[in-house]
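What follows is a short report on a single structure.
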Amino acid sequence: MALLDAHLEQISLCAASIAELPLIRDTELHERALFSVPPPPAVPKHVDPAAASSRRNTIFNPTGPGAGSSIAGGGANAVRAPRRNTAVAAVLGNDLVERIRRGGGGGAGSGLGYRTYDGNSKNEVDVESLLEGAEKMLGVYPIPGAQDKIAAMRQRHAQVTASIDYYEGRLAEQTVQLGRLNRNRDFIDDEDGDETAEEAPEALPLSEEDLRREEEEMRLLERKKRELEDRLRASAQAFATNVLSTAPSLYAGLSTQSERFQATLPIYQTAVKAGLIKGQVPVSLGGTSAGLIDAAVVVEELHAVEPSTAITILGTGLGLTPLILAGSKEQHEIFLRPFLQQEGERLASFVHSEPNGTANWLQRGAPGLQTTAFRHGDDWIINGEKLWTTNSGGWDQRGADLQCVVCREGQPNEPQDPDSDPSSRVLVLLVTREDIARNDFSAFQVLSDSELGGHKSVNGPHSRFTNLRVPYANTLAPPGQGAQLVERTFGMSAAIVGAMSVGLMRHAFDAALEFCKTDTRGGTTTIIRHSSVSNRLIDTKMRIEAARALTWKAMSVLESKDGNISWEQRLEIALEAKIWCSEQVVGVVEACMGVVGMKSYAIDKPFVKLLEDAVCLPLFDGGNVGVRRRQLEALFQRSDYQPWAATYV
Ligand SMILES: Cc1cc2nc3c(=O)[nH]c(=O)nc-3n(C[C@H](O)[C@H](O)[C@H](O)COP(=O)(O)OP(=O)(O)OC[C@H]3O[C@@H](n4cnc5c(N)ncnc54)[C@H](O)[C@@H]3O)c2cc1C
């Protein structure tokens, strides 16, 4: 009995434990599904192996170490569509099962989850349906963390699909370009290059032989491009060393900003003759600029020698940029053509900044631009003041040969409507010296030239327009279109400031390296042998290389012909180049001074002057605090912001 009692007690304990187990509960959805459908037919559908193997495979990295290896549709990794009448099919629902059966171009047993290519047509595999199915299965059989994985896979799939589309587009584009090259057409001088580039490319399937030939041709093109860059760099270097470097000796002894500026006239005339102004105008408009990388090459060389006088030369490029971007054929003929001549001393100026600041020029409810223009018959009448605008005073204070003046549409002293979008009233007008000469003398006045801490020969006067009349035909951007033109102009110049920063840092580095490799400072070895010195130089060098890489990246994104990259995505990289590169410069010069030591502070060394010029870079061309970071902030906050959209261009 005792034994029986013990058994009974054991049984009742077990019963109690079982009752407490979470397993004892109502059936789950998937369990009910299991019991509510008849068993599947016994014989699986036959897959014709020949049909499966004849399908073209997706080849990853055809030239890489795994060349020839492929992932075949319908292979071991393939996901099979669920059979009808199964529990899984019940959970997924007929519609989804059907979609999965159709997906991948082959139904059950075919390769699902892979995208297959047969050269001319792309058969999309319905990855989305697979993921949807997985989500439904999770609804009845939750697995911790799986939902996140599905979300990540969905995102990854979208990225991969976008990349494939992109590379296919590139391939087609390059095929067309190479075809053109083979027909001995000069793509650089192609006047209607843009239009022809948009012709629908015929994307023919490429064999490995084709790919190899294409790679070889690309290599040759790359080599040719490098040779051209080297030649351009050499001529910019020659100008910088032989001509530009003499500018400080012309202006150093002069006491005012305007005198120093005027003293650089012979340098500017030589720059015009040497093609440095024409070189800032694209080939398609009669200039010689083949692209923005070329611009980066030249700007770096000029800034590595004499930033101040370089700004006068580059200021004309900036002044012509709105005209290049937005001018009509007729306007190019009238206003741009004179700048293509390699003689004279024509100056152009981009006239935006104002004495009261421009960081908030587009803020709703703020006073807005104080330079106004209103229409009167066939003229615009301009009133207001500008400041800091490079070259705007002209060599004789009677104005640059061409000023692109940014105005707010309205009567003078008419306040901006606090309820309207300020950009709807912004316009850009072309003002020439001839226009100024046709007006009363007082209609355009240079009030003063600010004395600057660095950039000692730059002209950026405080100027005033008083009822200055210009013909209506001088409208470069009508009201509502001016703000965008300003943004585009400053977008281009942002990347240019990256190149200026690189040039300046290079100068400091070269001077410091030279000193460290030749001077012992009373020790037994040159000071570069001390690791505390060389480590600083190493850090500096890396910052310069990184700045150049970011600048070149910005240039190539800005001029990319990839139609999938929006203006905002291009602008982002240019802004990053402007901000990051310009903010490296003071630190780099200071680090270089640190290794040279006290001697770096002497005026016969370049560092103090470099520092004076360096401080300006984060402040001008839209200050990094008040303008450039806020532009970036606005881009980041957009709902369609894609952080890496322009990264792999
Ligand atoms: C050598 C040189 C050449 C130049 N060439 C030209 C030229 O060719 N054409 C031209 O148009 N201009 C030119 N400039 C002017 C230059 O482009 C300035 O960047 C421009 O005037 C804007 O100045 P800012 O960024 O200091 O803005 P400001 O409006 O003067 O603002 C000053 C400061 O206020 C603060 N601030 C203001 N508002 C905000 C806000 N909403 N949020 C956060 N902070 C704010 C920021 O700290 C900002 O730095 C040149 C300047 C120099 C020195």
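Every number in this text was worked out from the coordinates using simple rules, so none of it is lab data. As the structure is a computational prediction, the values presented were derived from the model and not from experiment. Cβ placement follows ideal geometry from the backbone for every residue including glycine, while neighbour counts extend to all protein chains displayed.
I need the Debye-formula profile for segment 460-569: one equal scatterer per C-alpha, no solvent, reported as log10 I(q)/I(0) at q = 0.18 1/Å, two decimals. Evaluating at q = 0.18 Å⁻¹ gives log10 I(q)/I(0) of -0.99. Loop-located GluC sites (Glu not before Pro) in segment 569-632 (DSSP state not H, G, I, E or B) with no more than 15 neighbouring Cβ atoms inside 10 Å do not occur. Averaging Cα coordinates gives a centre for segment 270-313 and one for segment 499-539; these two points are 29 Å apart. When the listed pairs LYS329/LYS561; LYS225/LYS553; LYS578/LYS599; LYS541/LYS609 are checked against a 24 Å cut-off, the alpha-carbon distance exceeds it for LYS578/LYS599.
Fully extending the segment from GLU514 to MET153, taken as 0.36 nm per residue of separation minus the present Cα-Cα distance, adds 124.6 nm.
Going by the alpha-carbon gyration tensor, a ≥ b ≥ c the square roots of its eigenvalues, is segment 414-507 rounded (a/c under 1.5) or, if a/c is not under 1.5, prolate (a/b greater than b/c) versus oblate? Cα axes put segment 414-507 in the oblate bin. I need the Debye-formula profile for segment 342-410: one equal scatterer per C-alpha, no solvent, reported as log10 I(q)/I(0) at q = 0.28 1/Å, two decimals. At q = 0.28 Å⁻¹ the computed log10 ratios are -1.23.
A Förster radius of 51 Å combined with the Cβ-Cβ distance from ARG337 to LEU211 puts the calculated FRET efficiency at roughly 0.70. The modelled label-to-label distance between TRP644 and ASN564, using points 7 Å beyond Cα along the C-beta direction, is 1.3 nm. Restricting segment 607-649 to chymotrypsin sites (Phe, Trp or Tyr not before Pro) that sit in a DSSP loop and have at most 10 other Cβ atoms within 10 Å of their own Cβ leaves TRP644, TYR648. Charge tally for GLY523 (other residues, Cβ to Cβ under 15 Å; Lys, Arg +1; Asp, Glu -1): +3.
Of ILE544, ILE311, ILE150, the sequence from fewest to most neighbouring Cβ atoms within 10 angstrom is ILE150, ILE544, ILE311.
Would you please give the residues with an amide H less than 5 Å from that of TRP380, counting only those at least 5 places away or on a separate chain, with H modeled from the backbone geometry? Excluding prolines and chain starts, which carry no amide H, the hits are VAL470, TYR472. For segment 241-370, just say rounded, prolate or oblate: build the C-alpha gyration tensor, square-root its eigenvalues into a ≥ b ≥ c, call rounded for a/c under 1.5, and beyond that prolate if a/b exceeds b/c, oblate if not. The shape class here is oblate. In terms of its C-alpha gyration tensor, segment 609-648 has an oblate overall shape, because the principal axis ratio a/c (a ≥ b ≥ c, square roots of the eigenvalues) is not below 1.5 and a/b does not outweigh b/c.
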